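Data block below; observations after.
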Amino acid sequence: MKFFLDTANLAQIKEANDFGVLDGVTTNPSLMAKEGIKGQEAVFSHYKTICEIVKNGDISAEVVSTDFDGIVAEGKKLAAIHPNIVVKVPMIKDGVKAMKWFSDNGIRTNCTLVFSAGQAILAAKAGAKYVSPFIGRIDDSGWDGTQLIEQISRIYTIQGFETEILAASIRNPLHIIKCAEMGADVCTCPLDSILGLLKHPLTDIGLAKFLEDAKKFS
Ligand code: E4P
């Protein structure tokens, strides 16, 4: 399973990249706004900087148009920023139509705001490179988001769909573990959730004892 970082924060992207386990980055308009980036030129330059930090990873850049012509025009501009850009398109009727256009024209897409297996089937039919089920937001509304990952994984395997399942809206380390277990191809996570995988009290206790014993022979 690949690890993407779910942020537009450059310091966190550099930290995860240096950690050595980073395979890509996802952003969305809320994450870009959080970094205080304003204006198309600044937004495009920010995407380019992210691509230059994560040299070999896919970087999702989201369109904000909601009609077919607007999504295609915006997606073409985003894709032209860098070869690693993946155009993130919402799961709406014009979005599906645009994803089919992008896939026919060699532009990779990430279908976002996916909350059901039916939507995941449509994304795969439209030729999306990635489908992004939002598991945290599903959990927030009293359902089990990881069950959706398992269902989509089963459907894609049975049907031979090549779209990769990109589990999004991750809230904690357990989400990452469950997504790996349920067959996600990618998990896009906040840095804290990735670093949370490191933690185990027995590791800390064991290391302290080893270091104490090492003093006896050093
Ligand atoms: C990433 O692709 C999604 O936009 C993101 O994971 C949504 O996360 P949130 O539910 O924490 O906003």
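Rounded to the nearest 500, the 222 nm mean residue ellipticity of the chain from helices alone is -15500 deg cm²/dmol, with -39,500 (n - 2.57) taken per DSSP H run of at least 4 residues. I'd like the distance between the alpha-carbon centres of segment 46-75 and segment 159-187, rounded to an integer number of Å. Cα centroid of segment 46-75 versus Cα centroid of segment 159-187: 21 Å apart. For the pair Val21 and Ser116 in one chain, pulling the backbone fully straight at 0.36 nm per residue adds 31.3 nm over the alpha carbon distance. Kirkwood's formula applied to the C-alpha pairs of segment 139-208 gives a hydrodynamic radius of 13.4 angstrom. Lysines within cross-link reach of Lys215: Cα-Cα under 29 Å, excluding same-chain residues under 8 positions apart? Answer for Lys215, where 29 Å is the Cα cut-off: Lys199, listed by chain and number. Plugging the Kirkwood radius over Cα pairs into Stokes-Einstein for segment 1-63, at a temperature of 37 °C and a viscosity of 0.692 mPa s, what D comes out in µm²/s? After rounding, the answer is 283 µm²/s. Over all pairs of different C-alpha atoms in the chain, the reciprocal of the mean inverse distance, the Kirkwood hydrodynamic radius, equals 18.2 Å. Sites listed here are GluC sites (Glu not before Pro) in segment 125-187 whose DSSP assignment is loop and whose Cβ has at most 11 other Cβ atoms within 10 Å: Glu162.
Using a 1.4 angstrom probe on heavy atoms only, work out the carbon and sulfur share of the accessible area of segment 1-153 in %. Heavy-atom surface of segment 1-153 belonging to carbon and sulfur, 1.4 Å probe: 51 percent. The residues of the chain expose on average 51 square angstrom of accessible surface per residue, using a 1.4 Å probe on protein heavy atoms. Take 137-145, 17-25 and order them by the average number of nearby Cβ atoms within 10 Å per residue, most first; the result is 17-25, 137-145.
P(r) tail, segment 46-173: Cα-Cα pairs separated by more than 23 Å, 32% of all pairs. Can you work out the FRET efficiency for the pair Thr49 and Ile177, with r the C-beta to C-beta distance and R0 = 30 Å, to the nearest 0.05? In this case the efficiency is close to 0.45. Protection proxy ranking, highest mean first, for peptides 210-216, 155-161, 47-53: 47-53, 155-161, 210-216, where packing is the per-residue count of other beta-carbon atoms within 10 Å, averaged. Taking the square roots of five times each eigenvalue of the Cα gyration tensor of segment 1-110, the equivalent ellipsoid has semi-axes of 23, 15, 12 Å, listed largest first. Label-to-label distance, Ile92 versus Lys199, with points set 7 angstrom from Cα along the beta-carbon direction: 3.9 nm. With respect to the chain, whose longest principal axis is taken over its alpha-carbon atoms, helix 173-182 is tilted by about 60°. The length gained by stretching the chain between Lys77 and Ser103 to full extension, at 0.36 nm per residue less their Cα-Cα distance, is 7.8 nm.
The values are calculated or read from the model by the stated rules, or taken from the named source; none is laboratory data. Everything quoted here is computed from the prediction, not taken from an experiment. Neighbour counts run over all protein chains shown; Cβ positions are idealised from the backbone, glycine included. Side chains included, ligands, DNA and RNA excluded: accessible areas come from the protein's heavy atoms. Shrake-Rupley method; radii C 1.70, N 1.55, O 1.52, S 1.80 Å.
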